[in-house]
Amino acid sequence: MTTRTRLAGFAACLPRFVGTVLYTPLMDLFAPAASGVVRIALPVPEDRLFDYAVPTALAGEAEPGRRALVPFGGRRITGVIVERADAARPEARGKLRALEQIVDPEPVIASDLLAILRAEAEATLCPLGIALAAALPAGSAPRPIDLFECTERGRSALSSGAAPPALARVLAALTEGPLSRPALARRAPGCADDLPGFEREGFLRRSRGLRGPAAREATVSTARVAEGADVEAACAGPLLRARKQAELLRHLADRGECDVSELAARYKTAPQLLRELARRGLVERGERRAPRAVLGDDIEADRSVELTPDQSEALAAVGATIADGRHERFLLHGVTGSGKTEVYLRAVAETLARERQALILVPEITLTHQIVARLRGRFGDNMAVLHSGLSASERLEQWQRLRRGEVAIAVGARSAVFAPLERLGLVILDEEHDGAYKNEEGFRYHARTVATRRAEQARCPIVLGSATPSLETRHAADTGEWRRLALPRRIGGRPLPAVEIVDLAAARAAAPRGRKLILTAPLRRALRTTLAEGGQTLLFLNRRGFSTKIFCFDCGHAEHCKHCDIALVYHAGDNCLRCHYCDFQIPPPDACSGCGAPDTALLGIGTERLEEEVRSEFPEARVARLDRDVASRKGATREILRDLRDGRIDVLIGTQMIAKGHDYPGVRLVGVVAADLALHMPDFRASERTFQLLTQVAGRAGRGSAPGRVILQTFLPDHYAIAPVRTHDYERFYGDEIESRAALGYPPFGHLAYALVTGPEDADVRRAAEALADAARDAAPGVEILGPAPAPLARLRGRYRHQILAKGADPDAVRVAARALAAGAAALRKPQSAHVDLHPINML
């Protein structure tokens, strides 16, 4: 035995005497000889790469883009290799540790995507390891695990029969090999608490292992005739009296490889027969991938349509860049119903004809069902779908199909922008204005920015589509950064729906005293007429629940969440008051919890209350509701939208889930119950979001042969974000809003950085926020630092919240301020914490 082997054996025994704190560094001292260094991005909140020595045995595998298992502190974690180097950086010398294992047989992040992610992580002030983890399928990496195994002393105790009963059960369970603590607890019930003692006494030792990924591709067992096997000779010889085995063997010879489940349906004893044939060397067992079905049943029949001149012009521009293999940025600005999707499909067809791949992004999971149905009608199942509504294993399967190049189209929501596409030839971002494209946690990327980077790197076109482009995108088109392609008319010569704006203040003044006005007379009449004519109606209210608060008229008290500074919402279906942020719930009180008065009232309305009103007023109508509460049931969204498409729903009530992108020709009427809700949000984008949402939901009406109609109920009929909806006048709204933004220095004319500091004590949070704001002022004197101030939601999930906003015309100066805020945030000690967003969308 060599000296090195003896030392390694000694180090392996150290946990019994000095504990695992010393174990890892000492084992690193006796690690195999190294062959260079890798720099690894780890999913930890430190914005740097970590140097690790590469054991000689792993030198050929340690390449950028692969994941590696490494020691980090007292634990083992998986990170992504980003770079190779000949030597460690000076600060890492003297404490360099070796990586333990390469996890992937080949890179899981291609070099071009790795470069894009590095750039975007830098741009968003996100540690690279966290960004890379967000870009990979969750649960796809093997998990490190500690294993127990028998020592020589343990084996002697078991064989001699001297082991006490509990120890004997544990040692017997380990005879077939090492086991994790949970597995050992199952094999030797009641012994889990004794394991540390058995380990101290030298009967057991711990070793390091890997457990399979939490997400796995589905497979099925297969069987086939073994290579070189002589079927006829076997049937005439050793299988002469084994008739069933011979029959199954001939079946495999005729059919080739078969699923074991198929064989079991034909031969009742197939498993036993296959085992016997395998023992004789006549059959080989295997597995094949069997991806789970995620595309659904919907396939929209492909319609042969003639393009309008506007569509033809737009397609020609995009098609030219596809043919030339060059990058160009397009804004497809088309009114609702103008045929943007048909332009997308034709562009995808041209991309596939050149043997390249297409990436199509939509802002909401609900919109994937419709675009997938359209794509399947045109291209079959040559696609993969990626979104958070899939299980981890389903998502991994879809990701692997793209990575292996088995399909040519990737469709999905925000995170699908990281799809592994080696031959990317077209990027499409539908409803590009939607705020859902911004990730609000961890890696705070915007899918539009990442998609643009990917298209630029792949030298292919990117198409942003919208009827209501974001002000930043439209301004970029006006300044020549994007090429604007206009679709100003609906296809088929159909008119845009007529919009009527109803003044709710006047309607309430005219209503009988004491009656809660939910549907005004014009909306009730329009709904009755639409039902009589056999048309469908969408009623839009962007507030779920039954009522927004329970209010006491004696003392003015409203029931609030005990964890958040927000009123509880009454949900009639569950008969409870619920917080929509932390899900705190209480039963409705019999009396006011503030003063004890029995007279409380339900104030405000939500989608549940609206549904009750419609069912009461129109009992003959088939009514359904679609909001987050309903959509939480798996498959509910697809089922409801299918029923709407097939005419089994007369009135669909919903939140913004029904407002975007849907195309249902039977919808003749859209009613907006409270058009000005979003205007009251303390956000400079409130007017823009209101106009976009109202224009989008209005655009759901009149897409079939019958003309559409929209009734908008509002207390602010003359507001510049509401009045232009009457004539679908984007240009009028854009002109007013862009002028306001320029005067106030907000995007696209200025740049912002946003910091949110949170903690359990308000005074501590304010002090921490003031320190961050002072640091930003010192670092960037030319940048306006607003705050700190309590956030609009001043307390959420038991934590107080203070915000800081940095604003300036110079993006580099704002970035300096943001870096100062981020440095202060990183230095905060628990229980305080903070995050910084360099391109904020949501500032509530």
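The values are calculated or read from the model by the stated rules, or taken from the named source; none is laboratory data. Model, not experiment: these values are computed from the prediction. All Cβ positions, even for glycine, are placed from backbone atoms using ideal geometry, and neighbour counts span all protein chains on display. Ligands, DNA and RNA are excluded from the accessible area calculation, which covers all protein heavy atoms including side chains. Shrake-Rupley method; radii C 1.70, N 1.55, O 1.52, S 1.80 Å.
Could you tell me which of rounded, prolate or oblate describes the stretch 112-243, using a ≥ b ≥ c as the square roots of the eigenvalues of the alpha-carbon gyration tensor, with rounded for a/c under 1.5 and, failing that, prolate when a/b is larger than b/c and oblate otherwise? Intermediate values should be presented prior to the final figure.
Values: a/c = 3.50, a/b = 1.09, b/c = 3.21.
Judged from the Cα gyration tensor, the stretch 112-243 comes out oblate (a/c at least 1.5, b/c at or above a/b).
Mind checking the dipole of the stretch 739-822: about its Cα centre, +1 per Lys or Arg Cβ, -1 per Asp or Glu Cβ, Debye to the nearest 20?
Details: 11 positive and 10 negative charges, 68 e Å.
Magnitude of the dipole: close to 320 debye.
ASP762 sits with roughly 70 Å² accessible to a 1.4 Å probe, with DNA, RNA and ligands left out of the calculation.
Relative contact order for the stretch 412-501: what is it in percent, counting Cα pairs under 8 Å that are at least 6 residues apart?
Numbers: 77 pairs, mean separation 26.1, N = 90.
RCO, the stretch 412-501: 29 percent.
For the stretch 380-461, run through the GluC sites (Glu not before Pro) and keep only the ones in DSSP coil with at most 14 other Cβ atoms within 10 Å of their Cβ.
Details: sites: GLU394, GLU397, GLU406, GLU422, GLU431, GLU432, GLU440, GLU441, GLU456; in loops: GLU406, GLU422, GLU431, GLU432, GLU440, GLU441.
Filter output for the stretch 380-461: GLU406, GLU422, GLU440, GLU441.
Hey, got a sec? Which GluC sites (Glu not before Pro) in the stretch 185-269 land in a DSSP loop and have at most 16 other Cβ atoms within 10 Å?
Numbers: sites: GLU199, GLU201, GLU217, GLU227, GLU232, GLU247, GLU257, GLU262; in loops: GLU201, GLU217, GLU227, GLU257.
Passing sites in the stretch 185-269 are GLU201, GLU227, GLU257.
For the chain, what's the relative contact order in percent, using C-alpha pairs closer than 8 Å and at least 6 residues apart?
On the way: 1613 pairs, mean separation 74.1, N = 844.
Relative contact order here is 9 percent.
Hey, what number do you get for the chain at 222 nm if only DSSP H runs of n ≥ 4 count, each worth -39500 (n - 2.57), divided across all residues, to the nearest 500? Kindly include the intermediate steps, with their values, before the conclusion.
On the way: 28 runs with 297 residues, N = 844.
Helix-only estimate at 222 nm: -10500 deg cm²/dmol.
Keeping all protein chains in place and using 1.4 angstrom, which order do GLU608, GLU63, GLU472 fall into by accessible surface area, from largest down? Numbers along the way, then the final one.
On the way: GLU608 25, GLU63 70, GLU472 45 Å².
The residues order as GLU63, GLU472, GLU608, largest area first.
Using the Cα gyration tensor of the stretch 373-427, with a ≥ b ≥ c the square roots of its eigenvalues, what is the shape: rounded (a/c below 1.5), prolate (a/b larger than b/c) or oblate (neither)? It is rounded, given that a/c, with a ≥ b ≥ c, falls under 1.5.
Accessible area per residue of the chain at 1.4 Å probe, in Å²? Each step should come with its number before you reach the end.
Values: 37880 Å² over 844 residues.
On a per-residue basis, the chain sits at 45 Å².
The accessible-area ordering, largest first, of the residues VAL630, VAL283 stands as VAL630, VAL283, per a 1.4 angstrom probe.
Could you list, in their original order, any pairs among LYS340/LYS438; LYS438/LYS562; LYS634/LYS830; LYS562/LYS634; LYS562/LYS660 whose Cα atoms are separated by more than 27 Å?
On the way: LYS340/LYS438 23 Å; LYS438/LYS562 29 Å; LYS634/LYS830 37 Å; LYS562/LYS634 30 Å; LYS562/LYS660 34 Å.
Too far apart for the 27 Å limit: LYS438/LYS562; LYS634/LYS830; LYS562/LYS634; LYS562/LYS660.
The listed residues GLU176, GLU533, GLU284 rank as GLU176, GLU533, GLU284 when sorted by accessible area, largest first, using a 1.4 Å probe.
All alpha carbon pair distances within the chain were sorted into 10 Å bins beginning at 0; the resulting P(r) in whole percents reads 2, 10, 16, 20, 20, 15, 10, 5, 2, 0.
When the trypsin sites (Lys or Arg not before Pro) in the stretch 142-245 are filtered for DSSP coil states and for at most 14 other beta-carbon atoms within 10 Å of their beta-carbon, the remaining sites are ARG216, ARG241.
Modelled spin labels at GLU91 and ALA233, positioned 7 Å past Cα toward Cβ, are 6.9 nm from each other. Only protein heavy atoms count here; on that basis, with a 1.4 Å probe, VAL80 has an accessible area of about 10 Å². The dipole here belongs to the stretch 626-676: it is taken about the Cα centre, uses +1 on the Cβ of Lys and Arg and -1 on the Cβ of Asp and Glu, and is about 220 debye.
On the protein heavy atoms, probe 1.4 angstrom, tell me the percent of accessible surface of the chain carried by carbon and sulfur. Answer for the chain is 50 percent, counting heavy atoms of protein chains only.
Once the piece of chain linking ASN382 and LYS516 is laid out straight, how much longer is it, given 0.36 nm per residue of separation minus the C-alpha distance between them? Spell out each step's value before the answer.
Numbers: separation 134, 0.36 × 134 = 48.24 nm, distance 5.24 nm.
So the chain would gain 43.0 nm between ASN382 and LYS516.
With contacts defined as alpha carbon pairs under 8 Å and 6 or more residues apart, what's the relative contact order of the stretch 279-409 in percent? After rounding, I find 32 percent.
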